[in-house]
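The values are calculated or read from the model by the stated rules, or taken from the named source; none is laboratory data. Note that the coordinates shown come from a computational prediction; the quantities given were computed from them, not determined experimentally. Note: ideal-geometry Cβ built from the backbone for every residue, glycine included; neighbour counts use all protein chains shown.
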Ligand SMILES: [Zn+2]
């Protein structure tokens, strides 16, 4: 594997959080188990196989590597990636990709999707991602990854299995969807004095951290 950028790694409660973040330099994270990444301030070679990326905002240290990532996946004959960005910046990101298409003479193929507060993205049967508004000097969003499961409705709990099965076969909805937040990516936080912001990846539950490097981003 080509090592072109620093990657730190931390495993917590079954999820691997890997990437790097440094103030005004670059932020990029991914969680292989969830097949998603957050931000593309850099594009480590090892991240190339992660097709879905959620970008928090348009500052260069969070987004500069989008053309590299898109072009590299095409060069390696991989499916076009899906990249979510704040809705306000979609058009400009598209412009950048078009400009780079002319510079590089290679097609920039990706699904670029704008998201805003409250939007929901279905990753798989088990996981959904929701976007929420964050406060920064440019349009920005954070993301929560949810685990979702079907749980037997409370009023049916304790009933014999064959009765539940009969109700289900008769067309009755016997379960409720239960969601548990498993990861939160803020990407940025409001400015406080000189330090413009920090980035944090949080494995929600009992523990949180500001990325494995305790680094700062802008
Ligand atoms: Zn920023």
Exercise. Assuming residue 79 fulfils every condition listed in (1) farther than 24 Å from residue 187 by Cα; (2) touching a helix residue (DSSP H, G or I) at 6+ places or on another chain (Cβ under 8 Å); (3) crowded, with 16+ Cβ neighbours inside 10 Å apart from one, which condition is it?
Worked result: (3)
Seminar exercise, completed: Those residues of the stretch 154-188 which are in a strand (DSSP E or B) and within 16 Å of the ligand (Cβ to nearest atom) amount to 185
For this session: Please go through the stretch 44-61 and pick out each residue that is assigned to a loop (DSSP other than H, G, I, E, B), within 15 Å of the ligand (Cβ to nearest atom) and in contact with a helix residue (DSSP H, G or I) (Cβ under 9 Å, 6 or more places away or on another chain).
Result: 55, 56, 58
Exercise. Taking the stretch 2-24 only, how many residues are on the phi < 0 side of the Ramachandran plot, surrounded by fewer than 16 Cβ atoms within 10 Å (Cβ to Cβ) and assigned to a loop (DSSP other than H, G, I, E, B)?
Worked result: 4
Problem set entry | Flag if residue 73 is modelled with pLDDT of 95 or more, part of a helix (DSSP H, G or I), surrounded by 20 or more Cβ atoms within 10 Å (Cβ to Cβ) and out of contact with any strand residue (DSSP E or B) (no Cβ under 8 Å at 6 or more places or on another chain) | yes
For this session: Examine the stretch 120-129 for a residue that is within 16 Å of the ligand (Cβ to nearest atom) and either on the phi > 0 side of the Ramachandran plot or not in a loop (DSSP other than H, G, I, E, B) (or both), and state whether such a residue exists.
Result: no
For this session: Answer yes or no as to whether residue 67 is surrounded by 19 or more Cβ atoms within 10 Å (Cβ to Cβ), over 30 Å from residue 12 (Cβ atoms) and away from the ligand (no atom under 16 Å from the Cβ).
Result: yes
Seminar exercise, completed: Within the stretch 28-43, of all residues that are away from the ligand (no atom under 16 Å from the Cβ) and buried (at least 23 other Cβ atoms within 10 Å of the Cβ), the one nearest to residue 102 (Cα to Cα) is 43
